[in-house]
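Student: Below you will find the structure I want to go over with you.
Any read-out appearing in this document is the output of simple, stated calculations on the displayed coordinates, not a laboratory observation. These figures come from a predicted structure and were not determined experimentally. In this analysis, Cβ positions are derived from the backbone assuming ideal geometry, glycine residues included, and neighbour counts consider all displayed protein chains.
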There are 2 protein chains.
Amino acid sequence: MSEAEDFVKVAHAAREAAAALAPLPRAPKDAALYAVADALVARAKEIVEANALDIEAARQGGTAEAMIDRLRLDERRVEAIAAAVREVADLPDPVGEVVRGSTLPNGLELRQVRVPLGVVGIIYEGRPNVTVDAAALCLKSGNAVLLRGSSSAYRSNSVLVTVMQEALAGTEVPADAVQLVPGTTRESVKHLMRARGLVDVLIPRGGASLINTVVEESTVPVIETGVGNCHVYVDADADLGLAMEILVNAKTQRPSVCNAAETVLVHADVADAFVPAALARLAAEGVTVHGDERVASYGASSGIDVRPATDEDFQKEYLSLDIAAAVVDSLEGAVAHIRRYGSAHTDAIVTRSQRAARRFVARVDSAAVAVNASTRFTDGGEFGFGAEIGISTQKLHARGPMGLPELTSTKWVYTGEGHLRTSAGTVIAVERGE
Amino acid sequence: MSEAEDFVKVAHAAREAAAALAPLPRAPKDAALYAVADALVARAKEIVEANALDIEAARQGGTAEAMIDRLRLDERRVEAIAAAVREVADLPDPVGEVVRGSTLPNGLELRQVRVPLGVVGIIYEGRPNVTVDAAALCLKSGNAVLLRGSSSAYRSNSVLVTVMQEALAGTEVPADAVQLVPGTTRESVKHLMRARGLVDVLIPRGGASLINTVVEESTVPVIETGVGNCHVYVDADADLGLAMEILVNAKTQRPSVCNAAETVLVHADVADAFVPAALARLAAEGVTVHGDERVASYGASSGIDVRPATDEDFQKEYLSLDIAAAVVDSLEGAVAHIRRYGSAHTDAIVTRSQRAARRFVARVDSAAVAVNASTRFTDGGEFGFGAEIGISTQKLHARGPMGLPELTSTKWVYTGEGHLRTSAGTVIAVERGE
């Protein structure tokens, strides 16, 4: 069979599994997740061995040591992955929640109920733990999942999926609810992206170029995640001590993640007081500043190296100890800068002014807006969701951290006793009995 | 300027307008809608004159009289359109609604707030009243709108948009918040479908082929609306009198709409009692039945003409006095038929059995499931939404009738007083004062 035929077979099996999984209540789903967690721990050695082959291949291919560390699984990491599966099992089940409900004037009882999306496709890079995390979140929310990880982790992912499927075989959740997309070629991603009608939603997790490719080429509806060009705006009315701590935390606490700050904007009124101090502090923290002309001139006069910022710098998600910096003449100037260059992930204002906070929150069109807090709090765990499948930066369906409810759709159910719609309003047909 | 350049100009103006419109509270939006309604009434003659040119052109082009009636505007119809605008103004404003909110354990105040989507593109066919209805719903929900109606209504739509823009010019809502996509060629639709980053969502309203084209070709996120292959399933435990009335109502009360029934499925246990009677009644109502072999044999023995149903018949949205019919051996058989052939719009079960109703509702994966009620109730007006922009048959973002809240996204806002995220948990930086 060709890879394309293989894919169609896998996708059809996932659809069947999704149909069987959707009506399951919480208890059998939780039991299945616990079985998966137990199997991962029991078969950790097997998983680590397969992973060693991926690591060996990556090393021979000249992959950087930092990337290899992301790829690596040891028994401790496998145990952590299993623990995360149990945590997902312990979260409330979103399926069946009545979102809205009323009795209509004509007596129809109307309910909007959460239901699974169906078949969810996940395209991701790097870490093999995503294979299990994503599967657990999808199963818990009643969805089948098609996983397409990095080809560099194909052996690890294959074993992880096999272990999960064999664990599911002894439960009420069909084993086909978790499957790997066959193949490691670019074509195999295309099958997934063109599987409209078989796959209900695609969630790409990874860098900007992966996400752009999926958005451009997919006919399956996509939820964009994760690209974060986050801003910290230091307002004219900011407490500058607070601003400094928030800036440093947002930039340096974990620079490689999407909710880290990538640009700082400083109101001109406080630039004299703030920028030189910030440049010194950022330099001390090992951060390279890419500044506009005004920031650069502060650098020159205080003897701190500032690289010139281009348009590209202001658009960039560095994910490193680099930050773009600009002085703006007003809050509106900050908002305009963010609208122009931002990725609509998270943007923060530091201010003591109620009015400034209110205006910034109303005008910045991002998934999250922070007031006097680090951008680092935009996170499913911090928001109390327990787990997240990603952070949506689009406006449709879900925006911001996506937990279990974001992996569901809804269904309207209305119940009558012979309700007919006529031009004169509702008429109720009467049972005649048999 | 080329049509493509024209489009980009229009779309940029819409984005600017959307940014200005988004933070407006309810009062100025309602005032603007009332101004639009007044202007439509005041300039009804002008509108009717432009419409006469469209009608003249359609007639010369040999358009069927039924289509011409859909295109026609007279002063009474313009007044009805204006009245609908006032009704939209009187609906609650979805923007600013706090959907969820809590204080996190670390003291951050977290709120999820409804915000407009931004720029909404609507692609539609036929009736020029959609031009105004869609604009009113978008403005009320704080969105700018790009309208791409049928080329046959281009003159009518141009005048309607001009009247709306000139009315808006005297209000706080920017006139550019309502614009027509320039041009009447197929290319002009493509500009809209490829305007990712400029347009936030596309809503196609029309037949299956329009919707499929948009879904296939659009890089802008799409909300699919309206194709309805609705089923009525007559269960083994149905009250057959009730089943007959529900079937006839669902099929004949208004056959041209998406929530009309297109297929009837009858449980084998009640086929003898129900099918011959149903064939007679449907014939009396002028309905042509396209039946499977079992239904055809009932037709033959009772002397009623039944056409043979093909796979195509079971897939079809007739929108006419035709219905496909089949006998199924079980409730599961009905569910499998609906999953295979349905469009996931609305499917009804008629039954006295709690268990059958529960199983049907859990297993049919459609936007709406009706129990002992006509499919005709799946409608924004009937559900109490006041107005609808369409009925979504997809699972992402919105499913079923879409009212004003479905034209919004959300934004997370979190407020702290110097909240920093550290590996040891939240630390609160202290204001030092200036």
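Student: Place the label 7 angstrom along Cα→C-beta at B:A31 and in each other copy, then list the distances from the first to the rest in nm, shortest first.
Tutor: 6.4
Student: Evaluated at 20 °C with a viscosity of 1.002 mPa s, what Stokes-Einstein diffusion coefficient in µm²/s does chain A have when Rh comes from the Kirkwood expression over alpha-carbon pairs?
Tutor: Diffusion coefficient, whole number: 89 µm²/s.
Student: Okay, next question. Hey, got the dipole for region A:230-377? About the Cα centre, +1 on K and R Cβ, -1 on D and E Cβ, debye to the nearest 20?
Tutor: Once rounded to the nearest 20, the dipole reads 440 debye.
Student: Could you give the C-alpha radius of gyration of region A:349-409 expressed as a fraction of 2.2 N^0.38 Å, taking N as the number of residues it contains?
Tutor: 1.26
Student: OK, next. Given R₀ = 25 Å, what would the calculated FRET efficiency be for B:V257 paired with B:R186, taking r from the Cβ atoms and rounding to 0.05?
Tutor: My answer for the efficiency is 0.40.
Student: A further question follows. Taking N as the number of residues in region B:230-377, what is its Cα Rg relative to 2.2 N^0.38 Å?
Tutor: 0.91
Student: Looking for one value pair here: nearest-to-axis residue in chain B (by Cβ) for the rotation onto A, and the distance in whole angstrom.
Tutor: B:H397, 2
Student: What is the spin-label model distance, in nm, from B:S320 to A:D69 if the labels are put 7 Å beyond Cα along the C-beta direction?
Tutor: For the pair B:S320/A:D69, the computed spacing is 6.9 nm.
Student: Another question, then. Using the structure shown, select from A:K140/B:K316; A:K395/B:K29; A:K395/B:K190; A:K316/B:K9; A:K29/A:K411; A:K251/B:K190 the pairs with a Cα to Cα distance greater than 31 angstrom.
Tutor: Beyond 31 Å: A:K140/B:K316; A:K251/B:K190.
Student: Would you work out the relative contact order for chain A, in percent, from Cα pairs under 8 angstrom that are 6 or more residues apart?
Tutor: 17
Student: Quick check on chain A: helices-only [θ] at 222 nm, where DSSP H runs of length 4 and up contribute -39,500 (n - 2.57) each and the sum goes over total residues. Nearest 500, please.
Tutor: Using -39500 (n - 2.57) per qualifying helix, the result is -13000 deg cm²/dmol.
Student: Shortest first and in nm to one decimal, what separations exist between B:D272 and its copies in the other chains, measuring from label points 7 Å along the Cα-to-beta-carbon line?
Tutor: List, nearest first: 10.0 nm.
Student: How big is the gap, in Å, between the Cα center of region A:228-243 and the Cα center of region A:388-414?
Tutor: Distance between centres, Cα-based: 30 Å.
Student: Between B:R72, B:R15, B:R100, where does the largest GNM mean-square fluctuation fall for chain B, given springs only between Cα atoms within less than 10 Å?
Tutor: Of B:R72, B:R15, B:R100, the Gaussian network model singles out B:R100 as fluctuating most.
Student: Could you state the number of Å between the C-alpha centres of region A:264-338 and region B:81-148?
Tutor: If you average the Cα positions of each part, the centres end up 37 Å apart.
Student: Expressed as an acute angle from 0 to 90° and rounded to the nearest 10, what is the orientation of the C-alpha long axis of helix B:268-284 relative to the principal long axis of chain B?
Tutor: Between helix and principal axis, roughly 80 degrees.
Student: Largest first and in whole Å, give the semi-axes of region B:110-202's equivalent ellipsoid, each being the square root of 5 times a Cα gyration tensor eigenvalue.
Tutor: 22, 17, 11
Student: If you take the charge dipole of chain A about its Cα centre, with +1 on Lys and Arg Cβ and -1 on Asp and Glu Cβ, which of A:H191, A:G384, A:S141 is farthest toward its positive end?
Tutor: Value: A:S141.
Student: With a point put 7 Å past each Cα toward its Cβ, work out how far A:T422 is from A:Q354 in nm, to one decimal.
Tutor: In this crude spin-label approximation the distance works out to 5.8 nm.
Student: Of B:L331, B:Y318, B:T375, which is farthest on the positive side of the dipole of region B:230-377, counting Cα position, with +1 on Lys and Arg Cβ, -1 on Asp and Glu Cβ, and the Cα centre as origin?
Tutor: Result: B:T375.
Student: Taking the convex hull of the Cα atoms, report for region B:276-350 its projected area averaged over all directions, in nm².
Tutor: Computed as one quarter of the Cα hull surface, the answer is 5.1 nm².
Student: Please name which of A:S102, B:G400, B:A13 has its Cα lying farthest along the dipole of the protein assembly as shown towards the positive end, using unit charges on Cβ (Lys, Arg +1; Asp, Glu -1) and the Cα centre as origin.
Tutor: In the protein assembly as shown, that residue is A:S102.
Student: Comparing A:T263, A:T288, A:T346, which has the greatest mean-square fluctuation in the GNM of chain A with Cα pairs linked when under 10 Å apart?
Tutor: So, out of A:T263, A:T288, A:T346, the one fluctuating most is A:T288.
Student: Right, another one. So, with +1 on the Cβ of K and R and -1 on the Cβ of D and E, and no other charges, what is the size of the charge dipole of the protein assembly as shown about its Cα centre, to the nearest 20 debye?
Tutor: Result for the protein assembly as shown is approximately 400 debye, rounded to the nearest 20.
Student: Give me the compactness ratio for the protein assembly as shown, meaning the Cα radius of gyration over 2.2 N^0.38 Å.
Tutor: Compactness ratio reported: 1.01.
Student: How far apart, in nm, are two points set 7 Å out from the Cα along the Cα-to-Cβ line at A:A277 and at A:A52?
Tutor: Output for this residue pair reads 5.5 nm.
Student: Moving on. Distances in nm, one decimal, shortest first, from A:L319 to the same residue in every other copy, taking the label point 7 angstrom along Cα→Cβ.
Tutor: Between copies, matching label points for A:L319 lie 4.7 nm apart.
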